[in-house]
Each structure stands twice: as structure tokens, then as C-alpha cells.
């Protein structure tokens, strides 16, 4: 030939595998980005609830809620039965 090395085309299996891996990596990246955006949106919403002076979690609700005195809570009557 003319003395220059010829390029060997990549194998079809190798090319398909590379494309499949690239697609998989892209899908995983999109999923992670979607989940992170949801997480940030939820955090913003919880902060707006807290700024309004309302409880945003179960623990905060438990601290916020005042327990009624004994005899004023109708649930006590149902628990006795």
C-alpha cells in the first residue's frame, strides 16, 4: 500500500455497547436531576409553611398542638369502651 497505517473501524458490538452505556448514563443523570429538583421544591414549600408559623413535620405538629385537659377530649370516652 502507500505506507500509512489504515484505520480499523470499531466493531459494531463495541459501538452499540458504548451507545447503550451512554444512554443509560444520560437516563440516570436525568433521574437524579429530577429527584433533586423535587427535593428542592419540597424544601422551599416546607420553609414557606414554617414562615407562616405552622408546623411542617410530625414532630413540629406534636409540639404545636396543645393537649386538651382530661375530660375535655372525646377520644377518652371511646378509649374506655
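Structure values in brief
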read-out	value
Flag if residue 65 is under 31 Å from the mean Cα position of the chain (by Cα) and modelled with pLDDT under 85	yes
Residue 45 modelled with pLDDT under 90 and on the phi < 0 side of the Ramachandran plot	no
Region 45-62: number of residues that are surrounded by 10 or more Cβ atoms within 10 Å (Cβ to Cβ) and under 20 Å from the mean Cα position of the chain (by Cα)	7
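The values are calculated or read from the model by the stated rules, or taken from the named source; none is laboratory data. Please read all numbers here as calculations on a predicted model, not as lab measurements. Glycine also receives a Cβ, built like all others from the backbone with ideal geometry; neighbour counts cover every protein chain displayed.
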